Amino acid sequence: MTVATKPAAATASHVKPTQLVSGTFVTTDLKRARRMCEELLGLECADAEPGTLLIREQGHQPGGPLAGKPYWVLEAREVATIETSAGDAQSLGRVRDQPGRGR
């Protein structure tokens with residue numbers, strides 16, 4: 001496995017999970033997902049293999065302020081399409097229609 005990392009921006013991450021250990025999500029545009037994670041959320045990304053991106057908070061590299069401490073990892077996989085069920089769409093609609101959310 002070849003891991004290529006991009007120098008991290010100087011911004012702190014906006015993501016502050018308290019119970020996350022690992023996770024996977026899919027995207028139809030891996031480059032866009034990487035840009036969002038690095039530039040918007042302040043996370044560190046590494047290309048693990050073609051079509052896959054590993055994501056974690058910044059600072060765990062050797063010499064970093066969080067080096068040697070436990071960390072979480074997200075895996076993003078690029079897919080041609082993302083299918084959702086009618087139940088998924090209805091669930092999103094209920095959240096969006098709740099007072100103080102969405103619309």
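The values are calculated or read from the model by the stated rules, or taken from the named source; none is laboratory data. For clarity, every value in this text was computed on a predicted model and none was experimentally measured. We place every Cβ from the backbone using ideal geometry, glycine too, and count neighbours over all the protein chains shown.
Filter segment 53-69 down to the residues that are out of contact with any helix residue (DSSP H, G or I) (no Cβ under 8 Å at 6 or more places or on another chain) and part of a strand (DSSP E or B) and list them by number. Full working, then the answer.
Filtering segment 53-69 for residues out of contact with any helix residue (DSSP H, G or I) (no Cβ under 8 Å at 6 or more places or on another chain) gives 54, 56-69.
Listed by number, the residues that qualify are Leu54, Arg56, Glu57.
Among residues belonging to segment 73-86 that are loosely packed, with under 10 Cβ neighbours inside 10 Å and among the aliphatic types (A, V, I, L, M), point out the one that is modelled with the highest pLDDT.
Checked segment 73-86; the qualifying residue modelled with the highest pLDDT is Ala80.
Within segment 57-71, does at least one residue satisfy the condition of being under 13 Å from the mean Cα position of the chain (by Cα) and modelled with pLDDT of 85 or more?
Yes, segment 57-71 contains at least one residue that is under 13 Å from the mean Cα position of the chain (by Cα) and modelled with pLDDT of 85 or more.
In segment 55-72, what residues are more than 14 Å from Gly42 (Cα to Cα) and surrounded by 10 or more Cβ atoms within 10 Å (Cβ to Cβ)? Spell out how you get there, then give the answer.
Within segment 55-72, the first condition is being more than 14 Å from Gly42 (Cα to Cα), and the residues that meet it are 61-72.
Answer for segment 55-72, where residues must be more than 14 Å from Gly42 (Cα to Cα) and surrounded by 10 or more Cβ atoms within 10 Å (Cβ to Cβ): Gln61, Gly64, Leu66, Ala67, Tyr71, Trp72.
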